[in-house]
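The values are calculated or read from the model by the stated rules, or taken from the named source; none is laboratory data. The structure displayed is predicted, hence computed values, not measured ones. Glycine also receives a Cβ, built like all others from the backbone with ideal geometry; neighbour counts cover every protein chain displayed.
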Amino acid sequence: MTTVFQPGNTAVITGGASGIGLALAKRCAAAGMRVLVADRDAAALTAAPAAACAGADNDTSDVLTVEMDVSSPEGWAVLRRRVDDEFGGRVSLLALNAGVGGAPSRWDSAESFRRVLDVNLGGVVNGLAACLDAVRAAAGGGKAAVVITGSKQGITCPPGNPAYNASKAAVKALAEHLDYDLRAEDNVGVHLLVPGWTFTGMTGGGGAREKPAGAWWPEQVVEFLERRMAEGKFYAVCPDNDVSESTDRRRMLWSVGDIVEGRPPMSRWREEWKGPAQEWMDKQSL
């Protein structure tokens, strides 16, 4: 699926004005693609074309922008008109990457759940409804791909923010269904991008402090994604400088074991299970 990154191809990237989205926009620009960056941060959008084209041969006019909230169907209607007008109704790469974290959700506040779910899950649902047919149209003349950004928190569900975990767990399930439903369409790839610890605005980046040694740069995440795409893999579960792929596998296996073994949910974080969980993971070689 690396043939998606080709001159003349097109990309739509939500949350594309910073972090992983901007790193992906840079990769597309370097390949000579035309890119439509969607974001709700007007200031970051203004800087996005120059940032995406830094060091690339193509002109900043190949990087278009649209200010929008991905939770808004009306915003997606505007974006789709841009796709039709600028890209001829074809999107070679649809990257549904926009997301919010924010303060931890509270059980006494439905609103603290609603915004996270509306953006993280609703943004993906809205994006597929608005643009999946444009991806299929692009696949008629070559390869096309949908990349959906999930989270490890949507797989292992650590305590702290149930709204975020639930939104990303739902995104994982949705992406898996999409891949299954498109299984007969050989020219369309679906990929779930699951970043590790990445130095972005959401995790305290944006120039606020230096990158911690354990975190990856967004560009490293995009490089890992591209490798997984080249291998035809659906899951792109990224390690980082602190957590290996083997550690991720062991954590995920323990988490699903809560169901299979009849343990209490989220057992790895319960005091009475921390020792057995670590002992079990230390014995695994994955």
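Tell me which strands (runs of 3 or more DSSP E) are completely within the stretch 1-77 and hold 3 or more residues being of a type outside the set (Phe, Trp, Tyr), closer than 30 Å to ASP186 by Cβ and free of Cβ contacts under 8 Å to residues at least 60 places away in the same chain, or say none if there are none. Give the derivation first.
Working: elements: 10-14, 34-39, 63-67.
Counting at least 3 such residues, we get 34-39.
Is it the case that ARG263 is at pLDDT 95 or above, assigned to a loop (DSSP other than H, G, I, E, B) and among the basic types (Lys, Arg)?
yes
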Handout entry: Total residues in the stretch 34-58, condition closer than 24 Å to ALA134 by Cα and either modelled with pLDDT under 95 or within 15 Å of the chain's Cα centre (by Cα) (or both)
Key = 4
Handout entry: Given (1) crowded, with 19+ Cβ neighbours inside 10 Å; (2) of a type in the set (S, T, N, Q); (3) more than 20 Å from the chain's Cα centre (by Cα), index of the condition SER109 fails
Key = (1)
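Yes/no matrix, rows are residues, columns are (1) in contact (Cβ under 8 Å) with a residue 24 or more places away in the chain; (2) farther than 24 Å from ALA38 by Cα:
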| site | (1), (2) |
| --- | --- |
| VAL124 | yes, no |
| GLY127 | yes, no |
| ALA138 | yes, no |
| GLY141 | yes, yes |
| ALA144 | yes, no |
| THR149 | yes, no |
| GLN153 | no, yes |
| THR156 | yes, yes |
| PRO159 | yes, yes |
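Only one of GLY127, GLY141 is assigned to a helix (DSSP H, G or I) and not basic (Lys, Arg). Can you tell me which?
Numbers: GLY141 fails: assigned to a helix (DSSP H, G or I).
Checking each option against the conditions leaves just GLY127.
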Exercise for the section: Enumerate the pairs (first residue in the stretch 251-269 and surrounded by fewer than 15 Cβ atoms within 10 Å (Cβ to Cβ); second residue anywhere and among the basic types (Lys, Arg)) with beta-carbon separation below 8 Å, excluding pairs fewer than 6 apart on the same chain, so at least 6 apart or on different chains. Expected result: PRO264/ARG270
Problem - Subset of the stretch 168-185 [among the hydrophobic types (A, V, I, L, M, F, W, C) and not in a helix (DSSP H, G or I)] - result: LEU182, ALA184
Handout entry: Scan of the stretch 213-228 for residues that are farther than 16 Å from LYS26 by Cβ and either touching a residue at least 60 places away in the same chain (Cβ under 8 Å) or exposed (fewer than 15 other Cβ atoms within 10 Å of the Cβ) (or both), ordered by number
Key = ALA213, GLY214, ARG227
